[in-house]
Amino acid sequence: MGGRRRDAPGSDEDYSFVSPVVKYLLFLFNFIFWIISLVMVAIGVYARMMKHAEAALACLSVDPAVMLMVVGVLMFIITFCGCVGSLRENICLLNTFCICLTVIFLLQVAAGILGFIFSDKARTRVTEMINNAIIHYREDIDLQNLIDFGQKEFGCCGGVTYTDWSQNLYFNCKQDNPSRERCSVPFSCCILSKDKELINTMCGQSMQKLEYIDAGDHIHTNGCIDKMVNWIHSNLFLLGGIALGLAIPQLVGILLSQILINQIKDQIELQNYNLKHRSDPWS
């Protein structure tokens, strides 16, 4: 059975296979992520309540606030099982916690492999999302700030090229477009010179009317998709480190829960052994 014999009477009953270090380390591990899950849910609820635009980030498949709440609730349930299971030494809850973590880890690995294999389809999907974001640019201030931040950071304009902004109602180049921004691009597309004391916030005005080479003197003409792909290729080690950083806590949780489950099973066997031999007059 694996238990050790004791010379003193009744000492086997006091012996425990369950390590307090493993037990409370698993509890602390889950408690930290349990608190994080509560914060995520609170942020998601707050963001959803404060969002006034009905077309909130309509370019995305799901509202990030809703996604944050869903992920937070799932984390809350899983870590709750881990917390209670470790404290109560409950094999059922620990198995639930371990299985959930394993499934999530395998799904992440599968998503990474599929994303690498079907990179062309992933690129097409990202292109569609960026084009939808361009269409809804003026409808949501958060989306507008997100696009402007991306274009400034990557030094790009539009999805594939700067003329993609013609898809937007305000920047459309049609002759019957009454917008004052007709054939323009956002200010975040502009090439800013540090030498100039006064920044021209209208530098994107009528840029879509210019040829690619001429427009390149004033704005970034390359699309953000190619810039993003190049950034990913040049930061593979960083992305790999982030992926590893996300995987390690999951693997640690799976390992600790399995160790604790095995210790609890050994403890149950020891208790059954003691009960059996306590009633045995020949023991």
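Length gained on full extension, Q258 to E128, computed as 0.36 nm times the residue gap minus the Cα-Cα distance: 42.5 nm. Element breakdown for the chain at a 1.4 angstrom probe: carbon and sulfur atoms account for 65% of the accessible area. Stretched out straight at 0.36 nm per residue, the stretch from F149 to L74 would grow longer than its current Cα-Cα span by 24.0 nm.
When the chain is treated as a Gaussian network with alpha carbon springs shorter than 10 Å, the biggest mean-square fluctuation among F80, F237, F29 belongs to F237. Dividing the summed -39500 (n - 2.57) terms of all DSSP H runs of n ≥ 4 by the residue count of the chain sets its mean residue ellipticity at 222 nm at -21500 deg cm²/dmol.
Between I199 and L28, the FRET efficiency from the beta-carbon distance, with R0 = 51 Å, is close to 0.50. Each of the peptides 33-44, 146-157 was scored by the mean count of other Cβ atoms within 10 Å over its residues; in descending order, highest first, they stand as 146-157, 33-44. Which shape class applies to the chain: rounded if a/c is under 1.5, otherwise prolate when a/b exceeds b/c and oblate if not, where a ≥ b ≥ c are the square roots of the Cα gyration tensor eigenvalues? Prolate shape, in that a/c is at least 1.5 and a/b is the bigger ratio.
Identify, among L260, N222, L106, the residue whose Cα sits farthest towards the positive end of the charge dipole of the chain, taking +1 on the Cβ of Lys and Arg and -1 on the Cβ of Asp and Glu, with the dipole about the Cα centre. Looking along the dipole axis, the top candidate is L260.
Which of the residue pairs K152/K174; K23/K276; K121/K227 have a Cα-Cα distance greater than 22 Å in the structure shown?
Details: K152/K174 27 Å; K23/K276 27 Å; K121/K227 17 Å.
Over 22 Å Cα-Cα: K152/K174; K23/K276.
When the charge dipole of the stretch 120-244 is built from unit charges on Cβ atoms (+1 for Lys and Arg, -1 for Asp and Glu) and taken about the Cα centre, the candidate among V185, N168, N132 whose Cα reaches farthest toward its positive end is N132. On the beta carbon distance between Q175 and S19, with R0 = 45 Å, the FRET formula returns roughly 0.05. The residues of the chain expose on average 64 square angstrom of accessible surface per residue, using a 1.4 Å probe on protein heavy atoms.
Under the convention that each Lys and Arg Cβ holds +1 and each Asp and Glu Cβ holds -1, the size of the dipole of the stretch 132-241 around its Cα centre is about 80 debye. Helix screen, the chain: DSSP H segments with Cα axial length of 30 Å or more and mean Kyte-Doolittle hydropathy at least -0.5 are 20-50, 64-88, 91-117, 236-278.
Taking all Cα pairs closer than 8 Å and separated by 6 or more residues, the relative contact order of the chain comes to 22 percent. When you count the other C-beta atoms within 10 angstrom of each residue and take the mean per peptide, 90-101, 158-169 line up highest first as 158-169, 90-101. Applying 1/(1 + (r/R0)^6) with R0 = 51 Å to the Cβ-Cβ distance of L87 and V229 gives a FRET efficiency near 0.60.
The values are calculated or read from the model by the stated rules, or taken from the named source; none is laboratory data. Here the structure is a predicted model, which means the values were calculated and not measured. Cβ coordinates were reconstructed from backbone atoms using ideal geometry, including for glycine residues, and neighbour counts include every protein chain displayed. Heads up: the accessible areas ignore ligands, DNA and RNA and are worked out on the full protein's heavy atoms, side chains in. Shrake-Rupley method; radii C 1.70, N 1.55, O 1.52, S 1.80 Å.
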